[in-house]
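For reference, the structure discussed in these notes is given below.
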Amino acid sequence: MTGETVRVAEPRAYAEGIAGFRLLDLVVDRRVLIPRPETEGLVEQVLAWARGRWGNGEGGTVLDLGTGSGCIALSLATEGRFARIVATDVSPNALAVARANAERVGPERLPEFRLGHLFEPVVGERFDLIVSNPPYIAEPEYAELDPGVRDFEPREALVSGPDGLAHTRAILERAGEYLAPGGLVALEVDSRRAEQSAGLAWVSGFRDVRVERDVFDRPRFLLVRKERA
Ligand SMILES: C[S@@+](CC[C@H](N)C(=O)[O-])C[C@H]1O[C@@H](n2cnc3c(N)ncnc32)[C@H](O)[C@@H]1O
């Protein structure tokens, strides 16, 4: 033991204050998770599904749960032709960053940003698409995370209960109430728990359940469709 203190470097995106995500350059700081390349694939899945359903015409309402920097909602607002996008977060600090990014990006139709826990800010509403990259690290795994992540990124953006599935489970249990008939839930999941996440969708009553792979060929996107009425 030399007694030396090892200093972990601040992630580059925080040091520079900017992160690239799909077509956008977004402001980021320690109030929000740095958008990841895997999540660009989640947006791709949603855009592809929307094109299949509405073609190039305008259509569809979207709910982005846990918007963080706003990367998903703002990419959908920029690249898609959705009638309405609502983006929520439980963190007022994250929402402040998302709002700043919305001004910076300036899409034709701004997402609505709302504060609150999961579906609380949208009680009584229905959407064609519910998209989320929720926290999905298990509490016991937190200490083992890369210090570049653990020491800088917000814990509430990462950790999801003892098994890493608290948010995924809660979203799937209640998504049916907030989803229009024929609508889609698109979730980013931990690749180690993709099968388990698909099982949760099944337990929540969904029968059209698929898992798609990310750019690193890991099972990452849970796509769950609600039957048409
Ligand atoms: C993994 S980050 C994803 C952020 C962003 N969507 C992205 O893909 O980079 C999860 C986000 O969910 C938010 N969050 C955590 N618990 C929540 C809850 N119960 N309700 C709503 N948002 C929550 C966190 O504040 C964080 O911004």
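The values are calculated or read from the model by the stated rules, or taken from the named source; none is laboratory data. None of these values were measured; they are calculated from a predicted model. When we count neighbours, we look across all protein chains shown, and the Cβ atoms used for this are built from the backbone with ideal geometry, even at glycine. Calculation scope for accessible area: heavy atoms of the full protein, side chains included, ligands and nucleic acids excluded. Shrake-Rupley method; radii C 1.70, N 1.55, O 1.52, S 1.80 Å.
Would you mind working out the accessible area per residue for segment 139-186, using a 1.4 Å probe, and quoting it in Å²?
Spelled out: the 1.4 Å probe surface of segment 139-186, per residue, equals 42 Å².
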- Message: Taking R0 as 45 Å, what FRET efficiency do you get between residue 145 and residue 207 from their Cβ-Cβ distance, rounded to the nearest 0.05?
- Response: 0.80
- Task: Note down, for the chain, the three equivalent ellipsoid semi-axes (square root of 5 times each alpha carbon gyration tensor eigenvalue), biggest first, whole angstrom.
- Result: 28, 21, 15
- Item | Solvent-accessible surface (1.4 angstrom probe) belonging to residue 195, in square angstrom, nearest 10 | 140
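How big is the charge dipole of the chain about its Cα centre, in debye rounded to the nearest 20, if each Lys and Arg gets +1 on its Cβ and each Asp and Glu gets -1 on its Cβ?
Details: 29 positive and 36 negative charges, 134 e Å.
Here the size comes out at about 640 debye.
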- Message: If you average the alpha carbon positions of segment 44-83 and of segment 168-227, how far apart do those two centres end up, in angstrom?
- Response: 17
- Note on the structure: Residue by residue through segment 104-118, the couplings from Karplus 6.51 cos²θ - 1.76 cosθ + 1.60 with θ = phi - 60°, in Hz, x for Gly and Pro, are 5, 6, x, x, 3, 10, 6, x, 8, 9, 9, 8, x, 7, 6
- Query: How high is the FRET efficiency from residue 84 to residue 18, r the C-beta distance, R0 41 Å, rounded to 0.05?
  - Reply: 0.90
- Query: Distance from the Cα centre of segment 11-31 to that of segment 139-155, in angstrom?
  - Reply: 19
- Using packing as a proxy for protection, rank 220-227, 144-151 so that the peptide with the highest average count of other Cβ atoms within 10 Å comes first. 220-227, 144-151
- Among bridges DSSP assigns within segment 12-225, what percent are antiparallel (round to 5)? 45
- Task: Report, to the nearest whole %, how much of the accessible area of segment 12-225 belongs to carbon and sulfur atoms, 1.4 Å probe, protein only.
- Result: 49
- Message: Show me, for segment 147-152, the HN-Hα J-couplings you get by feeding each phi into the Karplus relation (A = 6.51, B = -1.76, C = 1.60, θ = phi - 60°), rounded to Hz, glycine and proline as x.
- Response: x, x, 8, 4, 7, 10
- Sorting 18, 72 on solvent-accessible surface, 1.4 Å probe, most exposed first, gives 18, 72
- Query: Tell me, what ³J(HN,Hα) does each residue in segment 32-40 have, in order and in whole Hz, if you take phi through Karplus 6.51 cos²θ - 1.76 cosθ + 1.60 with θ = phi - 60° and put x for Gly and Pro?
  - Reply: 9, 5, 6, x, 9, x, 4, 5, 4
- Residues with amide H under 5 Å of residue 87's amide H, sequence separation 5 or more or different chain, H placed in the peptide plane at 1.01 Å from N; which? 64, 112, 113, 114
- Item | Area of residue 160 that stays accessible when all protein chains are in place (1.4 Å probe, Å², to 10) | 0
- Task: Rounding to the nearest 20 debye, state how big the charge dipole of segment 149-229 is about its Cα centre with +1 on each Lys and Arg Cβ and -1 on each Asp and Glu Cβ.
- Result: 240
- Rounded to the nearest 500, the 222 nm mean residue ellipticity computed for the chain from DSSP H runs (n ≥ 4, each -39500 (n - 2.57)) alone is -9500 deg cm²/dmol
- Task: In nm, give the distance between the simple-model label positions of residue 192 and residue 100, each being 7 Å from the Cα along the Cα-to-Cβ direction.
- Result: 3.3
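Is segment 82-199 best put as rounded, prolate or oblate by its Cα gyration tensor, with a ≥ b ≥ c the root eigenvalues, rounded for a/c under 1.5, and otherwise prolate when a/b is larger than b/c, oblate when not?
Verdict is oblate for segment 82-199.
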